[in-house]
Amino acid sequence: MTTKQPPPLMKKHSQTDLVSRLKTRKILGVGGEDDDGEVHRSKISQVLGNEIKFAVREPLGLRVWQFVSAIIFSGVAIMALTFPDQLYDAVFEDESVNSKTPIRLYGGALLSLSLIMWNALYTSEKVIIRWTLLTEACYFGVQFLVTTITLVESGRISTGAMLLLASRILFTLITVYYYYQVGRRPKKI
């Protein structure tokens, strides 16, 4: 009884044939540019997307501003928690503090915001950076309004209060600038 020998294995040459490979890639839809101008190397990268597309193009000085903001928020928070009388006297001269509790609560709220600022410093997600900047801008705006109303009601304008108001306007403008810069769509090259 003779057994039939299987045919010898033939190496398929289609993978080494350049024209065949290009035809296969064209059928799969990879290798060429898509609507966004991106060239995908494989079907997997085409389906999952390119990570570079989601990276934030950071405006110049953004991380420095985030770092400075986190330090300012942390410093004022610690000062409000430990030395509430001195913090109040720096802004509203010649007035005494009735209770230290509201100033310490203010310090606790600022400490919470500073934790958000510190965490935003280490992220690269555009949405988190923008929300942090928006929170910061809202805080500076509300603090400006509250301080202005308090000064108008009391009729006393101190140098510390004017310095605080001027710094809040400046900080609000810087924060809003970075908020809009991070939200801008990148230009296509």
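Across region 99-109, rounded Karplus estimates of 3J(HN,Hα) from the backbone phi angles (6.51 cos²θ - 1.76 cosθ + 1.60, θ = phi - 60°) give 9, 8, 4, x, 6, 5, 5, 4, x, x, 5 Hz, Gly and Pro being marked x.
Using every pair of separate Cα atoms, the Kirkwood estimate puts the hydrodynamic radius of region 124-177 at 12.0 angstrom.
Between ALA90 and ASN119, the C-beta separation translates, for a Förster distance of 45 Å, into a calculated FRET efficiency of about 0.95. Ignoring any ligand, DNA or RNA, what whole percent of the accessible area of region 135-189 comes from carbon and sulfur when the probe is 1.4 angstrom? Carbon and sulfur: 70 percent of the exposed surface of region 135-189. Counting charges near TYR178 (Lys, Arg +1; Asp, Glu -1) among other residues having Cβ under 14 Å from its Cβ returns a value of +3. Its residue count N fixes a reference of 2.2 N^0.38 Å for region 70-189, and the Cα radius of gyration divided by that reference is 1.21.
If you take every residue apart from PHE83 with its C-beta less than 14 Å away from the C-beta of PHE83, what net charge results, scoring Lys and Arg +1 and Asp and Glu -1? Result for the local shell: 0. A protection proxy built from the mean count of other Cβ atoms within 10 Å ranks the segments 125-135, 156-166, most packed first, as 125-135, 156-166.
The values are calculated or read from the model by the stated rules, or taken from the named source; none is laboratory data. All values reported here derive from a predicted model rather than from experimental measurement. We place every Cβ from the backbone using ideal geometry, glycine too, and count neighbours over all the protein chains shown. Each accessible area value is taken on the protein alone, full model and side chains, heavy atoms only, with ligands, DNA and RNA left out. Shrake-Rupley method; radii C 1.70, N 1.55, O 1.52, S 1.80 Å.
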